[in-house]
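Asker: Structure provided below as structure tokens; questions to follow.
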Amino acid sequence: MNPSDASATQALQQSYTAARQHADATACVVALHIGAEQSGIAVGTGAAPDMVKRWPLGAERTAREQFRTTPPTPLAMEHAIQIVEDVVMPMRAVIPREALLFSTDAGVREIALLAGEAPAAPQLLSLDAMEHVFDRLSAVVEGSPAAHQGLPESGNFAATLLILREFMHHLQFPYIVVLHAP
């Protein structure tokens, strides 16, 4: 296992453990980790996840491979959306509809703050609030200065938001619970 794999596995396990502490004992939780080079989920109802899935799609990797400029061009963003959708869509078959979504990622916490959530944990970031931040990013991609939208001018930020948006949107999570990392 290379260091990136070990780091992603450890982050997923920590996020899953934190999620279990904030969910009912019988609830199915999905811990989402958007890493630098890869992302993944840990899903389950017990102390240990029943399933862990990782994919080669992280914030830095997506920014590096898909966004040649900062901010990305509309065409680059559309292409990145398609790539993320192709990875995310198969998850619909393995995640129960009643599952609760959690993350301990700093990038997801930043998105929650930009959506207006209070900094105290846990934060509850609704799909609608996250979509509003994504709309602001879309305005930046179309030419509005990032500062006017109150967003960071970073490819990693854009990629993190894109991955989160596609995951929540296509898997129909109404919200994500954002916890502080243990």
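Asker: Could you tell me whether any residue of the stretch 106-120 is modelled with pLDDT under 95, among the charged types (D, E, K, R) and under 28 Å from ARG64 (Cα atoms)?
Answerer: no
Asker: Determine if the stretch 57-72 includes at least one residue that is touching a strand residue (DSSP E or B) at 6+ places or on another chain (Cβ under 7 Å) and closer than 13 Å to ALA99 by Cα. Break it down into steps so the answer makes sense when it comes.
Answerer: First pass over the stretch 57-72, keeping only residues touching a strand residue (DSSP E or B) at 6+ places or on another chain (Cβ under 7 Å): 57-59.
Then drop every residue that is not closer than 13 Å to ALA99 by Cα, which leaves none.
No - not one qualifying residue is present in the stretch 57-72.
Asker: Name, by its number, the condition in (1) modelled with pLDDT of 95 or more; (2) in contact with a strand residue (DSSP E or B) (Cβ under 8 Å, 6 or more places away or on another chain) that does not hold for LEU75.
Answerer: (2)
Asker: Can you tell me which residues in the stretch 120-132 are surrounded by 13 or more Cβ atoms within 10 Å (Cβ to Cβ) and in a helix (DSSP H, G or I)?
Answerer: Result: LEU127, ALA129, MET130, GLU131, HIS132.
Asker: Counting only residues that are of a type in the set (Phe, Trp, Tyr) and touching a residue at least 40 places away in the same chain (Cβ under 8 Å), how many does the stretch 120-148 have?
Answerer: Looking only at that region, the number is 0.
Asker: Let me ask something additional. Give me the residue from the stretch 133-154 that is part of a helix (DSSP H, G or I) and polar (S, T, N, Q) and, out of that set, farthest from the chain's Cα centre (by Cα).
Answerer: Ranking the qualifying residues of the stretch 133-154, first place goes to GLN149.
Asker: Further question: Out of GLU110, GLU98, which single residue is among the charged types (D, E, K, R) and more than 18 Å from SER15 (Cβ to Cβ)?
Answerer: Sole residue among the options that is among the charged types (D, E, K, R) and more than 18 Å from SER15 (Cβ to Cβ): GLU98.
Asker: Scan LEU151, LEU161, LEU171 and give me the residue that is in contact (Cβ under 8 Å) with a residue 12 or more places away in the chain, on the phi < 0 side of the Ramachandran plot and either among the hydroxyl-bearing types (Ser, Thr, Tyr) or touching a strand residue (DSSP E or B) at 6+ places or on another chain (Cβ under 9 Å) (or both).
Answerer: Going through LEU151, LEU161, LEU171 in turn, just one is in contact (Cβ under 8 Å) with a residue 12 or more places away in the chain, on the phi < 0 side of the Ramachandran plot and either among the hydroxyl-bearing types (Ser, Thr, Tyr) or touching a strand residue (DSSP E or B) at 6+ places or on another chain (Cβ under 9 Å) (or both): LEU171.
The values are calculated or read from the model by the stated rules, or taken from the named source; none is laboratory data. Quick caveat, the model's predicted, so the values are computed rather than measured. Cβ sites come from the backbone with ideal geometry, for glycine too, and all protein chains shown count toward neighbours.
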